[in-house]
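The values are calculated or read from the model by the stated rules, or taken from the named source; none is laboratory data. These numbers come from a predicted model, not from an experiment. Ideal geometry is used to build each Cβ from the backbone, glycine not excepted, and the neighbour counts take in all protein chains shown.
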Amino acid sequence: MLELYQWELSHYSEKVRLILDYKGLDYRKIEVTPGIGQVDLFRLTGQRQVPVLKDGNRYIVDSTEIAKYLDLQYPERPLIPQDSQKRGLCLLIEEWADESIGVKSRTALFSTISQDQTFRKSLLPTSTPDILKNLVEGVPRDLLTVLGFGVGYSPDVIKSAIADLKQDLEALTLLLVDSPYLTGDEPTLADLAVAGLSMLLKFPEGPYLDLPAGIRGKGVPGLADNPNYEPFFAWRDRLYAQFRKPLIGLPPTGSAPTSIQIE
């Protein structure tokens, strides 16, 4: 069985999960706890970032490379069109989504976590002790702002990222006005990348992620609740309903979960 080394809250991992579900491939999730010193993953793959796909004795790193690998090894339900124009558009949108939505949505989510104590607490793993949840919930907003400066999330950076994301969502909404998918009448890697990477902007309504039910359908204020972008998120949720497998009937971290311990 395929194994996905992942983090449940990683939108790049979600991109790969959506791709695997779209192709109808069975896989086992292996949760890699985020943090410094991901030694075990590094020993296996030579790098510390998720997602990583294991197929037999092969390890494939990076969500785009995983998508290309799956299309070659498991050609049913292809991700990348053969038509040259559609192929070029698909690859262009996928790369843009990685570099724009993928990067800036993390900045926007940090802003939301900083402002909303309840949201911050609810994003912790369900196994987190209550005492730690209460400690995280009680971190002052001003302290998080200072910490944000330290990791490059200054107020100006956050403001710029949210402005760019508004333009991204407007463009996607316009592209989908007269088309069921971003490159035509069939879903491609472009659609799955955009849908999966938008996870941090607004979490899907359904039970697709191992997250508290209370934050389903919620996300970044001004984006997740903006009526101008409702058609995009409705499209995204329809895509999930079509292709993403819900967690109903599965353990919280998927079938036969394993955790890598981080030093």
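Working only within the stretch 200-224, note down all residues that are closer than 19 Å to I248 by Cα and either outside any loop (DSSP other than H, G, I, E, B) or in contact with a helix residue (DSSP H, G or I) (Cβ under 7 Å, 6 or more places away or on another chain) (or both).
Within the stretch 200-224, the subset closer than 19 Å to I248 by Cα is 203-217.
F203, P204, E205, G206, Y208, P212, A213, G214, I215 - these are the residues of the stretch 200-224 that are closer than 19 Å to I248 by Cα and either outside any loop (DSSP other than H, G, I, E, B) or in contact with a helix residue (DSSP H, G or I) (Cβ under 7 Å, 6 or more places away or on another chain) (or both).
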Those residues of the stretch 12-52 that are of a type outside the set (G, A, S), modelled with pLDDT of 95 or more and closer than 16 Å to D98 by Cβ come to a total of 7
Somewhere in the stretch 30-37, is a residue buried (at least 19 other Cβ atoms within 10 Å of the Cβ) and not in a strand (DSSP E or B)? no
D40: passes all of (1) in contact with a Phe, Trp or Tyr (Cβ under 7 Å, 6 or more places away or on another chain); (2) over 22 Å from L239 (Cα atoms) but (1)
Residue count, the stretch 225-239, condition in contact with an Asp or Glu (Cβ under 7 Å, 6 or more places away or on another chain) and not in a helix (DSSP H, G or I), comes to 0
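Of the residues E186, E263, which single one is assigned to a loop (DSSP other than H, G, I, E, B), modelled with pLDDT under 95, farther than 22 Å from R106 by Cβ and over 20 Å from the mean Cα position of the chain (by Cα)? So that I can check it myself, show each step before the final result.
Values: E186 fails: modelled with pLDDT under 95.
Residue meeting the stated conditions: E263.
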Per the filter on the stretch 45-104, residues buried (at least 16 other Cβ atoms within 10 Å of the Cβ), of a type outside the set (V, I, T) and assigned to a loop (DSSP other than H, G, I, E, B) are R48, Q49, P51, D62, Y74, L79, P81, S100
